[in-house]
Amino acid sequence: MNQNSRDGFSSRFGVFAAVIGSAVGLGNIWRFPYMAGENGGAAFLIIYFAFVLIIGIPAMLSEFIIGRRGQSNSYGSFKKLAPKKPWYLVGLMGILAAFVILTFYSTITGWTLEYVVLAVKDVFSSTTAVQDPKQVFEHFHTQAARPLIWQLTTMFLAAVVIMFGVRKGIESSAKVLMPLLFVFLVILAVKALTLPGSAEGLKFLFKPDFSKINSDVLLAALGQSVFSLSVGMGALITYGSYIKKDVNMSRTAFSVSITDCIMAILAGMAIFPAVYSFGMYPDQGPGLVFVVLPAIFQQMTGGVYFALLFFVLVAIAGITSIISLLEVIVAYLVEEFKLKRVLATTVATTLACALGAFTTLSFGPLKHVQIFNKSIFDNSDFFASNILLPLGALFVVVFLGWFYDIRQTKDELSNQGTLKIRLFPVFMFIIRFIAPIAILMVFLKGLGVV
Ligand code: PHE
C-alpha cells in the first residue's frame, strides 16, 4: 500500500455487507415493527416502501456520491467538493448527529445484551419460576450499574472492530455477521409462522388498513425510512468514500435499500404472528421487543433458544450500526486531526460512553431529570432524529441538486462515463424537488410546526 492510498472496501459484496450492517439495525427490528403495529400494519408498510423507493434510495445515493467524490470523511468531503463555501458545516452536523445517536443507540443495544444473558440464564423458559417480563425490564433499569456495563460492552465491541480498520475490521466483520443475521431472522420467521393462530399476525402485516393513514403516519413512515437507511448522519458519506471507483453505486443503493426493507418485513414476520398466536397485541410501543416478546418466549416450546437467537440477532444488528456511527467520528479525527486510528477510536468511544451514561441512567436513577419536559433519552432522540437527521438529509440533497456541478455528479454516478445511467434525470428531479419538500415536511412535523 502506498502512503496516500486510503483504506477501503475491497469488493462489491464487502460494500453491500458493510452498508447493510449500518442500515439494518434497531430501526428495523425494534422500531419498525412497533411503528407498523401502531399505524395500520400493511398500510404503513406500503407507504414505507414507496418512500424508500422514491426518497430513500436517491438520498442514499447522494451521500455515496459526495463521499466517493470527496474521498474523505463527511466534513472533508464537503470541503473538497465546495472548497470556499460553508457546506462543510453540513458534514460537521453529520458528525454531531452520529455522536448524539451513539449516546442513546448504545443504551438500547446494551439492553439486548442483558437479554442475551437473561435468555442464557433461562429466565424466558416456562420451566423455571415464571417471572413477569415487565418487572424484569423495570428491575433491570433500577440497577444502574448493569445497563451501564452493557452500554460499555456494546461500545467496546464496536470499537475493537473499528480499530482493525475499514477492510479488515468493518468489511470483514459485516461479511460474516450480515449473512448470519439474515439466517437468524429467517429461522425466527419460520418458527413464528408455524405457531397456531399465526395467520392473524400475517393478516395484520399484509392486509392494509388505510383508515389509519393520516398525515402523521405518512411523515412517520418517511422519517423512519430515512433513519432506517442511515441517511443524514454522515455515515453513508463516510462509507461512500471507501467504495472503489468501479463499483456501480446505483445498484448498491438499490440492493441495500431493498434488503433493508426485506429485513424489516422479516422482523415483522417473526414478531406479529407470534404476538397474535399468544393472544397479545402489537400496538404496545417500544416495549414490544423487551416486554411482549419475552412473555411470548416464556410460553413457547423451546422459547429459550428462540429468545437467545432473537436477542443475539438484535445485538448484532445494533452493533454493526454503531460501528458505522463510530466510523463517522473516527474518520474525521484521523483525517482532520491526524490522530492514529486506535487513539481516535479510544477518544470517540470514551466521549460517547461518558455522555451516553446519562442517557442510560435516564431510565433508572435519572428518570426524574427532565429537560424541556422530556427525559434525557427522549431529548437526545428528539434532537438527533427530529432535528439533525432531517436537516442533514435535506442539506445533502439540496447541495447535490442545486449547488454542485451536475456534470461532476453525472461523472461520479456513471463511473466516469462507463455506466449507462438512464434514470439520471429522474434522480436529479427527485433530489431537486421531491426529496427536499418531503424531508422539509418531516422536519417541520418533527418540530411540531405543521
Ligand atoms: N439505520 C440504522 C437503523 O435502522 C440506524 C442508523 C442511522 C445507523 C444512521 C447509522 C447511521 O437502526
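Only the coordinates and a few stated rules stand behind these numbers; no lab work does. Remember, predicted model here, so these are calculated numbers, not experimental data. All Cβ positions, glycine included, derive from the backbone under ideal geometry; neighbour counts span all protein chains shown.
Would you calculate a helix-derived [θ] at 222 nm for the chain, using -39,500 (n - 2.57) for each DSSP H run of n ≥ 4 and dividing by the full residue count, to the nearest 500? Before the final figure, lay out the partial values.
Numbers: 21 runs with 299 residues, N = 450.
Taking each H run of at least 4 residues, the total per residue is -21500 deg cm²/dmol.
Just to confirm a number: summing +1 for Lys and Arg and -1 for Asp and Glu over residues other than Ser22 whose beta-carbon lies under 13 angstrom from that of Ser22, what do you get? Before the final figure, lay out the partial values.
Details: positive: none; negative: Glu63, Glu171, Asp260, Glu327.
Residues near Ser22 contribute -4 overall.
Given the Cα-Cα distance of Ile258 and Thr346 and 0.36 nm per residue of separation, how much length would full extension add, in nm?
Details: separation 88, 0.36 × 88 = 31.68 nm, distance 3.43 nm.
Working it through step by step, the gained length comes to 28.2 nm.
Can you flag which of Lys134/Lys367; Lys84/Lys245; Lys85/Lys445 are past 19 Å Cα-Cα? Before the final figure, lay out each step's value.
On the way: Lys134/Lys367 17 Å; Lys84/Lys245 26 Å; Lys85/Lys445 29 Å.
Over 19 Å apart, Cα to Cα: Lys84/Lys245; Lys85/Lys445.
Please report, to one decimal in angstroms, the Kirkwood hydrodynamic radius of the chain built from all distinct Cα-Cα pairs.
Working: mean 1/r = 0.0453 Å⁻¹.
Hydrodynamic radius (Kirkwood, Cα only) of the chain equals 22.1 Å.
For Cα pairs less than 8 Å apart in space and 6+ apart in sequence, what is the mean separation divided by the residue count of the range 1-92, i.e. the relative contact order in percent?
Details: 39 pairs, mean separation 10.7, N = 92.
Answer for the range 1-92 is 12 percent.
Going by Cα centres, the range 70-125 and the range 289-354 are how many Å apart?
Each part's Cα centre sits 10 Å from the other's.
Using a Förster distance of 22 angstrom, determine the FRET efficiency expected from the C-beta separation of Gln299 and Phe206, and round it to 0.05. Could you put the intermediate results ahead of the total?
On the way: r = 25 Å, r/R0 = 1.11.
With R0 = 22 Å, the Cβ-Cβ based efficiency is 0.35.
Which residues among the range 293-320 fall inside the zone where the amide N is under 17 Å from a point 7 Å beyond the Cα of Val186, along Cα→Cβ?
In the range 293-320, the label zone of Val186 (backbone N under 17 Å from the point 7 Å along Cα→Cβ) covers 310, 313.
Kirkwood hydrodynamic radius for the range 302-450: how many Å is it when counted over pairs of different Cα atoms? Let's see the in-between values first.
Working: mean 1/r = 0.0517 Å⁻¹.
When all Cα pairs of the range 302-450 are included, the Kirkwood radius is 19.4 Å.
Using a Gaussian network model of the chain with C-alpha springs under 10 Å, which one of Ser172, Ser106, Ser62 is most mobile by mean-square fluctuation?
Comparing Ser172, Ser106, Ser62 in the GNM, the peak value goes to Ser172.
Given all pairs of different Cα atoms, what value in angstroms does the Kirkwood hydrodynamic radius of the range 132-181 take?
Working: mean 1/r = 0.0772 Å⁻¹.
In the range 132-181 this quantity evaluates to 13.0 Å.
Of Met35, Met60, Met233, which has the largest mean-square fluctuation in a 10 Å C-alpha GNM of the chain?
Met35
What relative contact order, as a whole-number percentage, does the chain give when Cα pairs under 8 Å and 6 or more residues apart are counted? Write out the running numbers ahead of the final one.
Numbers: 735 pairs, mean separation 150.6, N = 450.
Here the relative contact order equals 33 percent.
How many angstrom separate the Cα center of the range 367-428 from the Cα center of the range 164-231?
So the separation of the two Cα centres works out to 22 Å.
Based on the Cβ-Cβ distance from Ile371 to Gln135, what FRET efficiency comes out when R0 is 30 Å, to the nearest 0.05?
Numbers: r = 28 Å, r/R0 = 0.94.
After rounding to 0.05, the efficiency reads 0.60.
Using Cα atoms only, what is the angle between the long axis of helix 435-447 and the major principal axis of the chain, expressed in degrees (0 to 90) to the nearest 10?
50
Taking the chain as the reference, fit the longest principal axis to its C-alpha atoms, fit the long axis of helix 341-361 to the helix C-alpha atoms, and give the angle between the two in degrees, 0 to 90, nearest 10.
Approximately 40 degrees, to the nearest ten.
Under a point spin-label approximation (7 Å from Cα along Cα-to-Cβ), what is the Val117-Arg6 distance to one decimal in nm?
Modelled inter-label distance: 3.9 nm.
Where in the chain is the longest stretch that carries no trypsin sites (Lys or Arg not before Pro) classed as loop by DSSP and with at most 16 other Cβ atoms within 10 Å?
Details: sites that count: Arg6, Lys84, Lys121, Lys244, Lys245, Lys338, Lys340, Lys367, Lys420, Arg422.
In short, 122-243.
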